[in-house]
Amino acid sequence: MNYTSDIEADRIAALVETGLLDTSQDERFDRYTRLASALTDCPIALITLLDDKRQWFKSRVGLDVEQTPRSDAFCDYTIRGQNLMIVEDALKDPRFVNNALVTGDPFIRFYAGVPLWLSSGHCIGALCVIDRKPRSGGELTGLRELEDLAQTLTLEIEAHTKDSKRVQAMADQEIVIAELKHRMGNLYTNVAALIRNSDDGLASREDFSTQLQNRVNMMAHAQRRLAERDFRSTDLSALVGDAVRDFGGTHGASERIVIDGAPCSINPRSAMSIALMIHELGTNALKHGALRDADGRVNLSWRQDESRFHIEWVENTVAHVPQCDETQSDRHRVGFGSTLLYRIIPMELGGTLDKGFGPNGFFYKLQADSILLNEPV
């Protein structure tokens, strides 16, 4: 066959996929080498697997070493063919006369090897037998049986590969289940906290139900965005778009909420905090601030400097905002929303908060520890 680098790369990939390299001894494979040695009356029998630099012995009889350089491997020639390869006397074969395994231990003279071809069309190694003395003619016994044995060994390897994949799939499933338990446990804890705290100062059961539902929906948006990246991170722009959608904001346009921030990735813990932060700020703005009036606007922006992440919510009301009025009083009323905004979220993000009322309305400016991830959006 025309042995190319592409064929070799595919062959090694198939070998790796078996999961056999560098594994411990296995009786399922040791029985093949014992039987091969007995059938051919050879003192050495090996199951060899060849990667790019070595031949490694999955099972061996009559040999102490676990591997040899591929450059010395007789089996490197065997895997390039389709059929049994026989070397009657290595000292008379120009390919091997100067081979380190011929001139030194184990002093190979006779070799017979059968390539192990998988059903995928890749040859990963060989079943071979070795003697320290030459053989020819009537001394070549048991070679037909060696070929039959190699075919059965190939089936054994493919069965092992399927078992390994099934075991790996089960292990992966267990990891996913454990991760889901962790994620759902955190989610239930957060929902329980919302239920426990959302009724502070509310006038009716309907208000409680509405507020709780809105907060849980916001958490669900964040969870969905995180799930898109297997809970490793989420795109801040997409998360903000979800959070402001109910407040009249259209991402990328000068609408009720004007958003200004470069696409970036943030970690899961920060995502949940920022989602709830924007929800609370927007809810308050609808009730008491810039979004209460049709002409009111909000500028929502974020940026990252060398060590800190900055996110700012700045309201722009049409009417003049007095220094002390009912609006400011409502904004600073102590409830769960205020606790989230002014204490819990800054603490979660490891940040410092600057909030208050400027000439045009309420502002909320948070400087936090770097929450961006160096991951493509």
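Read the figures in this text as sums done on the coordinates, not as results from a lab. From a predicted model like this one, the values you see are computed outputs, not experimental measurements. In this analysis, Cβ positions are derived from the backbone assuming ideal geometry, glycine residues included, and neighbour counts consider all displayed protein chains.
Below, the figures for the structure above:
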read-out	value
Full-extension gain in nm, E145 to E17, via 0.36 nm per residue minus C-alpha separation	43.3 nm
Region 267-318 - percent relative contact order, Cα under 8 Å, separation 6 or more	29 percent
Ranked packing of 101-109, 132-140, most packed first, by mean Cβ within 10 Å	101-109, 132-140
Of K92/K133; K53/K162; K287/K365, pairs whose Cα-Cα distance is over 24 Å	K53/K162
Percent of Cα pairs exceeding the 22 Å cut-off, where the set is region 1-97	33 percent
Contour minus Cα-Cα distance for K355 and D260 (0.36 nm per residue)	32.3 nm
Relative packing of 299-308, 35-44, which averages over residues the other C-beta atoms within 10 Å, highest first	35-44, 299-308
Stretchable slack from K133 to I86, in nm (0.36 nm times residue separation minus alpha-carbon distance)	15.6 nm
Calculated Rg and Dmax of region 20-64 using C-alpha coordinates, Å	10.6, 31
Distance (nanometres) between label positions extended 7 Å along Cα→Cβ at R224 and D6	4.4 nm
